[in-house]
Amino acid sequence: MEMSEFLVVDKEDFYNLRMDVYLVKEFSLRYNYFRTMKIFQKTQTIAITKLASKSKSELYSLNSIIQTDTRQARNVYFVQQGIVDILRHGKKK
């Protein structure tokens, strides 16, 4: 099992810094992103809401390898912004 590390913020400080507003905005951006995708056009609102609430944004630097073998991937990636190169290696005969 992998160790976990947490950052802890006092609840009062969290609300004083208006981080709750930030979280709602982030959720709205993810929800709207999924809602506008053609693949999710006929998906029920509750499913899109669940997808948006369980997803997170991640930034990757230029020339980063994000996934080396999608057959073993635990996540599905959606490109929100930027350009991504997908390299596929065929089986050698």
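The values are calculated or read from the model by the stated rules, or taken from the named source; none is laboratory data. Quantities reported herein were computed from a predicted structural model and do not represent experimental measurements. All Cβ positions, even for glycine, are placed from backbone atoms using ideal geometry, and neighbour counts span all protein chains on display. Side chains included, ligands, DNA and RNA excluded: accessible areas come from the protein's heavy atoms. Shrake-Rupley method; radii C 1.70, N 1.55, O 1.52, S 1.80 Å.
For this structure, a couple of remarks:
- For first residues located in the range 44-73 and closer than 29 Å to ARG88 by Cα, partners that are of a type in the set (Ser, Thr, Tyr) and modelled with pLDDT of 85 or more and lie 6+ apart or on another chain with Cβ distances below 6 Å form the pairs ALA52/TYR31; ILE66/TYR60.
- Of all residues making up the range 12-23, the number that are in a helix (DSSP H, G or I) and either touching a residue at least 60 places away in the same chain (Cβ under 8 Å) or surrounded by 10 or more Cβ atoms within 10 Å (Cβ to Cβ) (or both): 7
- Residue that is nearest to GLY82 (Cα to Cα), among those in the range 47-64 that are open to solvent by less than 90 Å² (accessible area, probe 1.4 Å) and modelled with pLDDT of 90 or more: SER55
- Filtered residue count, the range 21-46, keeping only those that are within 12 Å of GLN80 (Cα to Cα) and of a type in the set (Val, Ile, Thr): 1
- Total residues in the range 45-80, condition under 9 Å from the mean Cα position of the chain (by Cα) and farther than 29 Å from VAL24 by Cβ: 0
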